[in-house]
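Asks: The structure's right below; bear with me while I get my questions together.
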Amino acid sequence: MTKTRFSITRRTIRAAIAISGLSVLALHSPLACAQQPIVIKFSHVVANDTPKGKGAERFKELAEKATKGRVKVEVYPNSTLYKDKEELEALQLGSVQMLAPSLAKFGPLGAKEFEVFDLPYIFPNKEVLKRVTEGPVGQGLFQKLESKGIKGLAYWDNGMKVMTANRPLHKVSDFRALKMRIQSSKVLDEQFRALKANPQVLAFSEVYQAMQTGVVDGSENTPSNVYTQKMHEVQSNLTVSDHGYIGYAVIVNKKFWDALPADVRTQLEGAMKEATVYANTIAQKENDDALAAIKASGKTKVYYLSDDEKAEWRKALMTVHKSMAARVGKDLIDAIYKESEAAGVKVN
C-alpha cells in the first residue's frame, strides 16, 4: 500500500509540474499576449472641452467598443504627457502611439509642405477646405510623413482664427511692433512680419502666462482655444478676422500601426472615420459658443472687421502666398487655388 500510494503521489507531482510548466508557457505565448488589451496612448495639448478634446474622447469610446475591448485608448489632454514641442519626437520614438498636432507642427519635422495650411486666406470657405483635406492634396501630404515613421489617419477641424491683443486690432497699422505668439511655422512668422509685428514662438501651454506677464502682447487662435485656456482673461481685445485656419492631423506611430492585426486596424479606421465626422461637425458650434462666452465674460471686447478693414488685411497678407511659395511649394498652392475655383470661388 505504501509503495502504491508513493507511486500515485509521484505521478501526481509530475503531472502538477507538467501542468504548471504548460501554464508558464501559456503566459508567454503569442496567444496569451494577444489577450492583453492593445494600449494606445493618445496625447494632445488642448483641453478636453474643445473640438479636439471631444474628438479624442469620442475616438476612445468608439475604438474600445468596435474592438470589444481588444484596444484600450488612454487620452492625455492639456499637455499632461507631452508638450507640443516634445510630442512628435515622443511619437517617433514609440513613447506615445497617437497624436493630433496642429498642421503647423510638421514644418520643423521636415514636411514643410504642411505649412500651406497656415497661409492666410488660403481657404475661402469650408467647402474648399473639405475638398483639400478629403481629396488628393490631403492624402498626398500624408504620404510625406511615412518616411518619418508617421502614419496620417485623418484631418480634424479646429476652425477659423481670431486675433487677440491688449490693444484694438482693426487696421493693419495696429499690429506694428506687437509681440505676437506663434506656433513654430515659417509661414506664420512671415504673416506677422507682413503686419509689421514681431512673431514669438512659444509652446501652447506657455501662452497664458506669457500674456499675463507681458512676454507677448497677443496671439491668434480659434475662439474655443482662447476660451478654454482662459486667454480672454489676460487679453483686452479680440478681433473676429477669420484670416486663417487651424486644423489637426490625427497621426500614429507607423511601426505600431503596421504591426496591429489587420482586423483591429480596420476596426480602428472605422472608429476614426466616425470620430472625424463628429469632431468636424462640432467644431463650428464649439467656436460659436466660446465666442459668446467670451463676450458674456465682459473681460474682452469683441470686434468684427468691416468690409474695408477686411480688404486691407487681405491685401497685406496675400503677399505671404508669394513669399512662401518656394518653401511650401508653388504647385501645392496652385492645387488649392484650383479647388477654390472648382468650388466657384475666385482666389485673387
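The values are calculated or read from the model by the stated rules, or taken from the named source; none is laboratory data. No experiment lies behind these values; they were computed from the predicted model shown. All Cβ positions, glycine included, derive from the backbone under ideal geometry; neighbour counts span all protein chains shown. Remember, those area values only see protein heavy atoms, side chains included, never the ligands or the DNA or RNA. Shrake-Rupley method; radii C 1.70, N 1.55, O 1.52, S 1.80 Å.
Asks: Out of all the residues in the range 33-50, is one or more touching a Phe, Trp or Tyr at 6+ places or on another chain (Cβ under 9 Å), of a type in the set (Lys, Arg) and part of a strand (DSSP E or B)?
Replies: Yes, the conditions are met somewhere in the range 33-50.
Asks: Okay, next question. All but one of (1) touching a Lys or Arg at 6+ places or on another chain (Cβ under 9 Å); (2) surrounded by fewer than 13 Cβ atoms within 10 Å (Cβ to Cβ) hold for residue 326, so report the exception by its number.
Replies: Every listed condition holds for residue 326 apart from (1).
Asks: Looking at residue 211 and the list (1) under 17 Å from the mean Cα position of the chain (by Cα); (2) farther than 30 Å from residue 256 by Cα, which single condition is not satisfied?
Replies: Only one criterion is unmet by residue 211, namely (1).
Residues are listed down the side, and each one gets a yes or a no for (1) open to solvent by less than 10 Å² (accessible area, probe 1.4 Å); (2) β-branched (Val, Ile, Thr); (3) modelled with pLDDT under 95:
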{"residue": "177", "(1), (2), (3)": "no, no, no"}
{"residue": "194", "(1), (2), (3)": "no, no, no"}
{"residue": "214", "(1), (2), (3)": "no, no, no"}
{"residue": "224", "(1), (2), (3)": "yes, no, yes"}
{"residue": "235", "(1), (2), (3)": "yes, no, no"}
{"residue": "240", "(1), (2), (3)": "no, yes, no"}
{"residue": "251", "(1), (2), (3)": "yes, yes, no"}
{"residue": "254", "(1), (2), (3)": "no, no, no"}
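Asks: Open to solvent by less than 30 Å² (accessible area, probe 1.4 Å), of a type in the set (A, V, I, L, M, F, W, C) and under 30 Å from residue 332 (Cα atoms): which single residue out of 137, 201 fits that description?
Replies: 137
Asks: Residues of the range 282-318 being open to solvent by 30 Å² or more (accessible area, probe 1.4 Å), touching an Asp or Glu at 6+ places or on another chain (Cβ under 9 Å) and polar (S, T, N, Q), which ones?
Replies: 284, 297
Asks: Which ones in the range 54-82 are at pLDDT below 95 and among the hydroxyl-bearing types (Ser, Thr, Tyr)?
Replies: Once the filter is applied, which keeps residues that are at pLDDT below 95 and among the hydroxyl-bearing types (Ser, Thr, Tyr), the range 54-82 yields 79, 80, 82.
Asks: Which is under 20 Å from residue 89 (Cα atoms) and touching a helix residue (DSSP H, G or I) at 6+ places or on another chain (Cβ under 9 Å), of 201, 162, 128?
Replies: 201
Asks: Please enumerate the residues belonging to the range 78-112 that are open to solvent by less than 10 Å² (accessible area, probe 1.4 Å), in a helix (DSSP H, G or I) and under 23 Å from residue 187 (Cβ atoms).
Replies: 87, 91, 103, 104, 106
Asks: When the residues of the range 151-191 are narrowed to those that are under 22 Å from the mean Cα position of the chain (by Cα) and aromatic (Phe, Trp, Tyr), which ends up farthest from residue 213 (Cα to Cα)?
Replies: That would be 155.
Asks: What residue, among those in the range 271-304 that are β-branched (Val, Ile, Thr) and without any contact (Cβ under 8 Å) to a residue 40 or more places away in the chain, is nearest to residue 158 (Cα to Cα)?
Replies: Only one residue fits best here, namely 281.
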